[in-house]
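The values are calculated or read from the model by the stated rules, or taken from the named source; none is laboratory data. As the structure is a computational prediction, the values presented were derived from the model and not from experiment. Cβ placement follows ideal geometry from the backbone for every residue including glycine, while neighbour counts extend to all protein chains displayed. Surface areas here come from the heavy atoms of the whole protein model, side chains and all, with no ligands, DNA or RNA. Shrake-Rupley method; radii C 1.70, N 1.55, O 1.52, S 1.80 Å.
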Amino acid sequence: MLRDSTEKEDAEKKLLKKMAAIVPLDQQAMEKAVDRWNSIGKPIHSLGLLEDAIVRMAGIQGTDAVRMDKKAIVVMCADNGVVREGVTQTGSQVTRIVADNIACGDATVDIMANKAGADVFVVDIGMDCEEYPQKELCTGKVIDRKIRRGSGDIALEPAMTCQECMQALLTGMEIAQTLKEKGYHVIGTGEMGIGNTTPASALASILDNVPAENVTGKGAGLTEEGLRHKIGIVEKAVNRYWDAAGEIADDDLFRFHTGVELLAQVGSLEIAGMAGLCLGGAASGLTVILDGFISAAAALAAILISTSQACGDYLLASHVSAEPGGKRVISQLHVSPVIDAGMCLGEGTGAAAAMSLYEMALEVYRSMKTFEEINVTPYKA
């Protein structure tokens with residue numbers, strides 16, 4: 001028990017130290033980016049959210065010479081014990097099958113990421129299988145970062161311990177830092193975990209303080225009867241969380257401890273890993289492009305955990321998920337998605353689609369001639 005307590009304290013210290021590196025965006029760089037947009041020969045702000053995204057990237061990168069040369073999508077993979085409650089069409093064995101397919105380049109996200117010029121990294125953070133031999137971060141293989149073999153059944157028990165949760169957060173942060181060191185400018189959050197819309201719905205219900213039915217959907221195609229059962233399971237998880245919530249200490253790090261406890265109780269390993277990617281991206285000065293409902297729920301948890309109010313400024317939303325909780329979570333994040341196409345696949349596919357749009361906007365930002373160069377009277381901002 002003493003060893004477990006010491007390891008938990010060490011993980012907390014590491015997290016707090018890494019999060020201390022999160023700083024506000026560079027306002028001067030953002031102002032210069034706005035001036036550049038307003039100088040080129042088109043109606044002011046006529047590319048809307050795409051312009052805003054490039055301005056945000058300027059603030060993140062600390063320069064109006066925005067770069068997206070190297071882009072990555074990190075797919076966090078784990079199994080969820082709540083699958084035992086019958087909330088999915090398929091069994092947990094599909095998680096590993098799809099993770100292997102993504103690593104081989106055969107999944108939807110690979111095809112979309114290839115068109116977007118993004119590298120895909122597949123991470124086993126908690127699949128219920130033996131450890132993969134690959135330890136170093138690379139493409140084309142499943143990378144071992146396993147914390148445990150699947151999470152607990154959140155309807156009956158915590159998904160993980162707080163120590164395991166912090167290890168998952170640190171894993172995401174360290175991957176983001178490594179990608180920064182490898183020269184990446186933008187990372188997208190992706191996930192693979194059969195059953196993970198259930199913990200995402202539980203998180204959304206708690207964080208938005210709404211009934212489970214408002215944020216719970218059919219996931220990968222449940223029937224109406226299956227959806228009613230799933231809502232009941234989410235309600236059980238939420239009620240169990242609130243029964244345990246009184247144990248959280250009210251101290252200077254209340255939000256941090258609350259967020260960690262929340263993820264540990266009703267989250268999942270892949271969601272905690274994506275929350276770590278959000279925190280690590282902010283700490284490393286990377287733009288983080290969220291995928292859909294599940295990664296947005298992870299981002300909400302990351303903002304709760306973060307000791308810096310600037311954490312959310314490093315996030316961009318790719319799309320509004322077709323899941324019922326999608327719009328609610330996005331509104332809580334105060335970010336505006338650039339795509340509303342009824343997508344709900346996951347894997348990081350929404351992030352890949354948004355990257356292509358941002359690349360096009362960046363090319364306009366860089367290459368289009370100014371009003372002066374085309375001899376046209378400038379529009380007024």
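Odds and ends about this structure:
- In region 360-381, of all residues being buried (at least 16 other Cβ atoms within 10 Å of the Cβ) and within 26 Å of the chain's Cα centre (by Cα), the one that is farthest from residue 318 (Cα to Cα) corresponds to 362.
- Taking region 87-102 as the range and being in a helix (DSSP H, G or I) and open to solvent by less than 10 Å² (accessible area, probe 1.4 Å) as the test, the residues that pass are 95, 99, 102.
- Matching residues in region 209-224 - criterion: being buried (at least 17 other Cβ atoms within 10 Å of the Cβ) and among the small types (Gly, Ala, Ser): 212, 217, 219
- Condition met for residue 141 (surrounded by fewer than 24 Cβ atoms within 10 Å (Cβ to Cβ) and touching a residue at least 40 places away in the same chain (Cβ under 8 Å)): no
- A single entry from 113, 204 fulfils the requirement of being closer than 23 Å to residue 319 by Cα, out of contact with any strand residue (DSSP E or B) (no Cβ under 7 Å at 6 or more places or on another chain) and assigned to a helix (DSSP H, G or I): 204.
Every residue, every condition in (1) farther than 21 Å from residue 26 by Cα; (2) open to solvent by 10 Å² or more (accessible area, probe 1.4 Å); (3) modelled with pLDDT of 95 or more; (4) of a type in the set (S, T, N, Q), yes or no:
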position	(1), (2), (3), (4)
280	no, no, yes, no
288	no, no, yes, no
308	no, yes, no, yes
311	no, no, yes, no
323	yes, yes, no, no
327	yes, yes, no, no
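- Verdict on residue 342 being open to solvent by less than 10 Å² (accessible area, probe 1.4 Å), out of contact with any Leu (no Cβ under 9 Å at 6 or more places or on another chain) and free of Cβ contacts under 8 Å to residues at least 40 places away in the same chain: no
- Being at pLDDT below 95, over 30 Å from residue 244 (Cα atoms), surrounded by fewer than 20 Cβ atoms within 10 Å (Cβ to Cβ) and among the hydroxyl-bearing types (Ser, Thr, Tyr) is a description that does not apply to residue 108.
- Scanning region 299-341 for residues that are under 15 Å from residue 205 (Cβ atoms), not β-branched (Val, Ile, Thr) and not in a loop (DSSP other than H, G, I, E, B) yields a count of 9.
- For region 167-184, a residue qualifies if it is under 16 Å from the mean Cα position of the chain (by Cα) and open to solvent by less than 40 Å² (accessible area, probe 1.4 Å), and the qualifying residues are 168, 169, 170, 171, 172, 173, 175, 176, 179.
- Of the residues screened, residue 264 is one that is aliphatic (A, V, I, L, M) and more than 14 Å from the chain's Cα centre (by Cα).
- Pairs, first touching a residue at least 60 places away in the same chain (Cβ under 8 Å) and part of a loop (DSSP other than H, G, I, E, B) in region 160-183, second open to solvent by less than 10 Å² (accessible area, probe 1.4 Å) and among the aliphatic types (A, V, I, L, M), C-beta under 9 Å, six or more apart: 160/168; 160/263; 160/264; 160/269; 160/272; 161/264; 182/72
- Look at region 225-236: where a residue is of a type in the set (A, V, I, L, M, F, W, C) and a partner is in a helix (DSSP H, G or I) and open to solvent by 80 Å² or more (accessible area, probe 1.4 Å), sitting 6+ places away or on another chain with Cβ atoms under 8 Å, you get 231/213.
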